[in-house]
Amino acid sequence: MTVPEAYGLGPIKVTAIADGEVNMVAQLTGSGYSISGCSGGGSVSSDGGGGVGFSCGEGPAATINDAMSLTVVDILDSTAVLRIKPAG
């Protein structure tokens with residue numbers, strides 16, 4: 001899914017949904033990266049232009065780059081409902 005440029009990430013791609021977690025990856029478009037509130041946290045990779053991988057379960061919103069709020073609303077088998085909005 002594509003997110004606004006102000007969030008500092010390229011499109012977010014879900015790579016797996018298993019064991020109550022949604023695994024995602026995204027390319028970095030900004031100069032830094034931070035995440036809080038997602039179990040498993042995030043990691044920075046130097047592949048290509050730099051990217052991140054993170055894993056979130058259902059529950060409270062995670063904040064990414066102090067700009068984006070990401071909530072895993074529901075996980076049903078191999079389907080997940082995500083809510084993305086501006087942080088704050």
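For the subset of region 14-36 comprising residues that are part of a loop (DSSP other than H, G, I, E, B) and either touching a Pro at 6+ places or on another chain (Cβ under 7 Å) or of a type in the set (G, A, S) (or both), which member is farthest from G51 (Cα to Cα)? This residue is G20.
Is there a residue being part of a loop (DSSP other than H, G, I, E, B) and either within 17 Å of Y7 (Cα to Cα) or at pLDDT 90 or above (or both) anywhere in region 52-61? Spell out how you get there, then give the answer.
Residues of region 52-61 part of a loop (DSSP other than H, G, I, E, B): 59-61.
Filter once more, so that each one left must be either within 17 Å of Y7 (Cα to Cα) or at pLDDT 90 or above (or both): 61.
So far as region 52-61 goes, yes, one or more of its residues are part of a loop (DSSP other than H, G, I, E, B) and either within 17 Å of Y7 (Cα to Cα) or at pLDDT 90 or above (or both).
Against the conditions (1) at pLDDT below 90; (2) touching a helix residue (DSSP H, G or I) at 6+ places or on another chain (Cβ under 9 Å); (3) small (G, A, S), A67 satisfies every one except (1).
The values are calculated or read from the model by the stated rules, or taken from the named source; none is laboratory data. Given the structure is predicted, the values throughout are model-derived calculations rather than measurements. Please note: Cβ atoms are built from the backbone with ideal geometry, for glycine as well, and neighbour counts cover all protein chains shown.
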